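The values are calculated or read from the model by the stated rules, or taken from the named source; none is laboratory data. Just so we're clear, the structure is a prediction, and the values are computed from it rather than from any experiment. Virtual Cβ from ideal backbone geometry, glycine too; neighbours counted across all protein chains shown.
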Amino acid sequence: MTSHGAAVRYARALFDVTQAEGQDLVQTERDLSAFAHVITGNESLQRALINPAIPASRKRAVVQELISRAGALQAAVVKLLLLLAERDRLAIVPDVAQAFVNRLMDYQKVVRAEIVTAVALSPERVAALADELTRATGRNVQVATRVDESIIGGAVAKIGSTVYDGSITRQLERMKETLVSAD
């Protein structure tokens, strides 16, 4: 079982348990992401938790201490973290957190979009684009923007795995292809 595949399965199980127990999915995501951030934000802790030479029982004790210091975490998150510690799978906690975020966004019908333009867009224009993309996709769209002067003008929008390239650079490439193929 690959780490990514395992992370997706653990995230799905956490999602299903959280939902079945009537717990708050958003709070579960916050708790899991915060714990993952604690691990990734502390290099020595991260090394200790993924070190195969350290017994799983000691890792579980460390996780229990971190949980007690964190305060009130969702019960399902606590169970998952202790299970991962027992199975010596703490290295995948950040991947589980990301997979949970992806599943939560899918459940909430939210999709991420990245819009690349040659010049910075005003907040009003970004909001208008988000509204247009929401209507086009039928999902709520979280828009991130980026400036790349090499596209000259126009825009490139990436929604999930779909790319809409309306850049001047791409239009010039198409014209070049047309001219070359006409020979």
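Picking from 2, 40, 18, which residue would you name as being of a type in the set (Ser, Thr, Tyr), within 23 Å of the chain's Cα centre (by Cα) and within 24 Å of residue 108 (Cα to Cα)?
None of the others qualify; the one that does is 18.
Can you tell me which residue among 88, 31 is of a type in the set (D, E, K, R), modelled with pLDDT of 95 or more and either in contact with a helix residue (DSSP H, G or I) (Cβ under 8 Å, 6 or more places away or on another chain) or outside the structural domain of residue 133 (by TED's automatic domain parsing) (or both)?
Selected residue: 31, the only one of 88, 31 that is of a type in the set (D, E, K, R), modelled with pLDDT of 95 or more and either in contact with a helix residue (DSSP H, G or I) (Cβ under 8 Å, 6 or more places away or on another chain) or outside the structural domain of residue 133 (by TED's automatic domain parsing) (or both).
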Legend entry - Given (1) of a type outside the set (A, V, I, L, M, F, W, C); (2) surrounded by 19 or more Cβ atoms within 10 Å (Cβ to Cβ); (3) closer than 24 Å to residue 41 by Cα, index of the condition residue 102 fails: (2)
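Conditions (1) in contact with a Ser or Thr (Cβ under 7 Å, 6 or more places away or on another chain); (2) not polar (S, T, N, Q), marked per residue:
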site	(1), (2)
114	no, yes
124	no, yes
127	no, yes
130	no, yes
134	no, no
140	yes, no
147	yes, yes
155	yes, yes
Inset, instruction - For region 161-183, name all the residues that are in contact with a helix residue (DSSP H, G or I) (Cβ under 9 Å, 6 or more places away or on another chain) and either closer than 25 Å to residue 105 by Cα or not in a helix (DSSP H, G or I) (or both). - result: 165, 167
Legend entry - Residues of region 77-91 satisfying the condition of being among the β-branched types (Val, Ile, Thr) and surrounded by fewer than 21 Cβ atoms within 10 Å (Cβ to Cβ): 78
Inset, instruction - Would you mind finding the one in 79, 59 that is in a helix (DSSP H, G or I), basic (Lys, Arg) and closer than 21 Å to residue 17 by Cα? - result: 79
Inset, instruction - Read through the list (1) of a type in the set (Gly, Ala, Ser); (2) surrounded by 11 or more Cβ atoms within 10 Å (Cβ to Cβ); (3) in a helix (DSSP H, G or I), then give the number of the only condition that residue 144 fails. - result: (3)
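Table: residues versus (1) over 22 Å from the mean Cα position of the chain (by Cα); (2) within 13 Å of residue 31 (Cβ to Cβ).
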| residue | (1), (2) |
| --- | --- |
| 57 | yes, no |
| 65 | yes, no |
| 71 | yes, yes |
| 74 | no, yes |
| 78 | no, yes |
| 83 | yes, no |
| 95 | no, no |
Inset, instruction - Working only within region 1-20, note down all residues that are modelled with pLDDT of 95 or more and assigned to a loop (DSSP other than H, G, I, E, B). - result: none
